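The values are calculated or read from the model by the stated rules, or taken from the named source; none is laboratory data. The structure presented is a predicted model; accordingly, all values stated were derived computationally and were not measured. Glycine gets a Cβ as well: all are built from the backbone with ideal geometry, and neighbour counts include every protein chain shown. We work out accessible area using only protein heavy atoms, side chains counted, and drop any ligands, DNA or RNA first. Shrake-Rupley method; radii C 1.70, N 1.55, O 1.52, S 1.80 Å.
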Amino acid sequence: MRASLLTLAVIGLALVSAQAADLLTDTTRAGAQLSSKEAGGNRSALADSNARQDGSRAPNELVLEAADCQADYDGDGLNGHQVAVTLSMRNLSGSVSGYQAFVAYDTAVLTYRGDLSSYSAPPTGPFPQHIQDIAGAELTAGRLSLDGSDEFGGTGTDQDALLATLVFDVDVECDFTQVTFDLSGPFPSELSFEGMPVATVLVDSLTFHVDSTDPVLAGVPDPLDIIVECDAVPAPATVTATDNCDGTLTVTFDEQRTDGSCVNEYTLSRTWTAEDACGNIATVTQTITVVDGTDPVYESVPDDLETNAFAGGCSATFSLAEIGQPVATDNCGLDRVEWSRSDAATSLDDPFAAADSPITITWTAYDLCGNTAVHAQTVTVFPLNDVALTVELVGVNVAVDRCIHFVTESCGDFVDTQVSFIDHDGDDANTNGIIDSTEGTTDDPATPVRFEGAIEVACGVRTQLCTKDEQHTLWDTSLLTDAGMSYTADTDLLLRGGDTDNDSDVDIHDVTYFLFEYGTMADSGGCPFDGTTRDADFSNNGAVQSEDYTFLTTNWLTFSSCACSVASPGGDFDGMEAGGPASSVAVSEVAPQVAVWADLNRDGLIDYRDVEEYEAANGLPNDLSSRIRATTARARVPDVKSAAGRQ
C-alpha cells in the first residue's frame, strides 16, 4: 500500500484508491500538517508552536534549509550562481521507512537544476529507493515531487538524516526568496512507516539570497607599498566602498606604527576594510616604510690650511677663527657636529706639530638617526714635501690598510705610512672584490685596489721613490718630477705580492713559509714593519688560503731592488733564509716546526714535489709546482721522514 500511495503522490492522479484515501484521512486527522506559513512564516514561530511542555522539539520533522548569503554552490564551475537547499528529517519519535515531499519555489528567482541535485545515498541517506527521479522532479513549473523508501523488508530508521540536496540557479544576486512545502496539492508531504503515514511537522526554509560578490574599494593608493623619506610621509588616502547588494558601505581605517632603530625610521601599516551584510569583505593594506637615508648636508666647510713651521720651532698655531667650522643641516633634524684631530689633540686650537703632519681635522655631522656627513680638513705644517703618487697592490681586489715603506734616493730618508688601498675606479661599489650583479656583470674580479694621493717625506731634493710592503711585496721604483707644491711619481708604483721574508725576491723560502702558514690567520707586522713578523696573506682576506698561492705562482723567482738599499731580509725568520733565490731547500736549513708543515712528502727536501702534494690536496692545477720544477737543479739528499706535529 505504501508503494501505491507514493506512486499516486508522484504522478498526481486525481483518483485515489480507497485505501490511500483512508491513509490521507488518517494523516490529516493527526493534525501534523503544519507549515511555516501557518506558523507565521518563520521557523522560530513554528518551533515555538510545536514545543512540548518539557521544552523539547516536536517530533517527526521534514525540514527545508537554505543558508542566507549563499556563495556560488559549484565554486564557479558553471556560469551564474547556484544555491543549495537541503531536505532533511529530524527529531524522529520512532522508525520511519519512507517519505514523500512536495516543494514549491518562486520561478521568477530560482531555476531548478535537476542535473546538479541529488538524493542522499546510503550510508548518508537512509532510503535507497525512489519512484521519482530527482533530475525530473519538477513535474510542474515551481513544484518539485520527491520521495524515498527503504528496501523491501527493511526495518526503517529513527535517526536524523539528510534526504536530498536541491540545487537552483539564481539569475540575479541580492533577490530574496524562500523554498516551502507545497500544501496546495492533493497529497501531503509526510513521513511513513511500512506504508502507514507518520504524523509529520513541516518546516519551510528561511528566506535567503545569493551574495558572493565582495565590495569594491575606490580611491586605493597606488602603489600600495612604498618607501619614503622621513620628510615625505603621505596623508592617508580617502577610500570609499560600494556593494552590489548593500550600496554604499562604511570603510574602516586602521593605522599601525612599528618603530625602527631611530626616531625617524619606522613602518606604517594602513588598512582599509569594507564588509557587506553577508560578510563579504574587501580589504587593502598599504605598507609605508619610512627611512632616514639622507645624510646631513654641509652648507659651508672650512678650508684646508698649509703653512711652514713658525720660526723657532716645528709647529704652527691657528686661532679658532682661522681654523673655521662647518655649517650643516639635515632634512629631518640635525643632532650635532663633532670634530677630532688625527694627532689626538684635545683642543681644536692646540699647536700643530710638524712631526705629526699632515694633521687631519675630521668634522662629522650627525642627524637624529645616526646618518653622518664627514668633512676632512687637513692642516699641513712644513718642513715636509708632498709626493703625489699612485700605489697599486697587484692582484689584491678588496680594500685594505697596509704599512708601506717609502725610501728616497737618500737612503736615510724614509717613511713608513699606513696606506688605505681602496676601489679606485668605481667598479666595485659594494667593496667585495668582485664585479657582481650589484655592478652589472657577473663574478669578474674587481680591478686591483689602489692608494691615490700624497705622502710626505723629509724636505730636500728628491729624484726617485722606492716603495715596498715589507711584509708581503717586492720593490717598485718611480722617478719623481718636481711639480711645484709637491713631487709627482712619474709612474704608478705596482707592488707584487709573494715576498714573505723581505729579501726582495720570491723563491722557495717564501713558498715554504706559505705551506707552513696555510690555513692560519694573517699576522700583522705593525707600522713601521717590525722586521720579523712574516705573513703569507697576500690577498688580504684575513687568512692564508689557496688564493695566496696565485701570487707565488705569478711572481716565482722574480727579483726586485731599490737603488739606495741592499736586498736583505729583515731578520733570520726562524732560520729559513739560505741566501739568494732558490728552488729548493733542505729541511735542515729551516726550523723544525716549519719543516713539519712544508715537507709534505717527508723526503727531507722542500721542493716542487711538496707543492705538487699541496696542489693535489686542494684541487689546484700544477702551475706553481711546474714553474718550480722547471727551475730546479735537484740535489740528492737522504730520505728523511718526520711525523712531528706543528708546535
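Just to confirm my filter: which strands (runs of 3 or more DSSP E) fall fully inside segment 294-334 and include at least 3 residues that are in contact with a Ser or Thr (Cβ under 9 Å, 6 or more places away or on another chain)?
The strands (runs of 3 or more DSSP E) meeting that bar are 297-300, 305-308.
Those residues that are β-branched (V, I, T) and open to solvent by 10 Å² or more (accessible area, probe 1.4 Å), I need them from segment 159-169; list them, please.
Residue satisfying the conditions is T165 alone.
Test V233 against the criterion of being farther than 30 Å from D295 by Cβ, within 42 Å of the chain's Cα centre (by Cα), open to solvent by less than 70 Å² (accessible area, probe 1.4 Å) and at pLDDT 95 or above, and give yes or no.
no
Taking F253 and the conditions (1) within 57 Å of the chain's Cα centre (by Cα); (2) open to solvent by 40 Å² or more (accessible area, probe 1.4 Å); (3) in contact (Cβ under 8 Å) with a residue 40 or more places away in the chain, which numbered condition does it fall short on, given that it satisfies the others?
If we test F253 against (1) within 57 Å of the chain's Cα centre (by Cα); (2) open to solvent by 40 Å² or more (accessible area, probe 1.4 Å); (3) in contact (Cβ under 8 Å) with a residue 40 or more places away in the chain, just (3) comes out false.
Can you give me the number of residues within segment 483-522 that are touching a residue at least 24 places away in the same chain (Cβ under 8 Å), surrounded by fewer than 15 Cβ atoms within 10 Å (Cβ to Cβ) and under 42 Å from the mean Cα position of the chain (by Cα)?
Within segment 483-522, residues that are touching a residue at least 24 places away in the same chain (Cβ under 8 Å), surrounded by fewer than 15 Cβ atoms within 10 Å (Cβ to Cβ) and under 42 Å from the mean Cα position of the chain (by Cα) number 1.
Just checking, which of D386, D427, D401 is of a type outside the set (A, V, I, L, M) and open to solvent by 40 Å² or more (accessible area, probe 1.4 Å)?
Testing whether each residue is of a type outside the set (A, V, I, L, M) and open to solvent by 40 Å² or more (accessible area, probe 1.4 Å) leaves just D401.
Quick one: D349 ticks every box in (1) open to solvent by less than 40 Å² (accessible area, probe 1.4 Å); (2) in contact with a helix residue (DSSP H, G or I) (Cβ under 7 Å, 6 or more places away or on another chain) bar one, so which box is it?
If we test D349 against (1) open to solvent by less than 40 Å² (accessible area, probe 1.4 Å); (2) in contact with a helix residue (DSSP H, G or I) (Cβ under 7 Å, 6 or more places away or on another chain), just (1) comes out false.
Show me the strands (runs of 3 or more DSSP E) found entirely inside segment 132-247 where at least 1 residues are within 30 Å of S97 (Cβ to Cβ) and in contact (Cβ under 8 Å) with a residue 40 or more places away in the chain.
143-149, 161-170, 190-193, 196-198, 201-203
Looking for something within 34 Å of the chain's Cα centre (by Cα) and either more than 30 Å from C262 (Cβ to Cβ) or open to solvent by less than 40 Å² (accessible area, probe 1.4 Å) (or both) - is there at least one such residue anywhere in segment 303-326?
The answer is no, given that none of the residues of segment 303-326 is within 34 Å of the chain's Cα centre (by Cα) and either more than 30 Å from C262 (Cβ to Cβ) or open to solvent by less than 40 Å² (accessible area, probe 1.4 Å) (or both).
Pull up segment 260-281, narrow it to residues that are acidic (D, E) and in a strand (DSSP E or B), then point me to the one that is most open to solvent (accessible area, probe 1.4 Å).
E275
Tell me, which strands (runs of 3 or more DSSP E) lie completely within segment 464-569 with 1 or more residues that are at pLDDT 95 or above?
So the answer is 464-468, 476-482, 493-496.
Out of all the residues in segment 283-295, is one or more open to solvent by 80 Å² or more (accessible area, probe 1.4 Å) and either of a type in the set (G, A, S) or touching a helix residue (DSSP H, G or I) at 6+ places or on another chain (Cβ under 9 Å) (or both)?
No - not one qualifying residue is present in segment 283-295.
Of the residues that sit in segment 409-421 and are part of a strand (DSSP E or B) and out of contact with any Ser or Thr (no Cβ under 8 Å at 6 or more places or on another chain), which one is modelled with the lowest pLDDT?
V415
Looking only at segment 305-344, count every residue that is among the charged types (D, E, K, R), in contact (Cβ under 8 Å) with a residue 40 or more places away in the chain and touching a Leu at 6+ places or on another chain (Cβ under 8 Å) and tell me the total.
1
Within segment 73-109, how many residues are in a strand (DSSP E or B), open to solvent by less than 20 Å² (accessible area, probe 1.4 Å) and either at pLDDT 95 or above or of a type in the set (S, T, Y) (or both)?
Summing the residues that are in a strand (DSSP E or B), open to solvent by less than 20 Å² (accessible area, probe 1.4 Å) and either at pLDDT 95 or above or of a type in the set (S, T, Y) (or both) in segment 73-109 gives 11.
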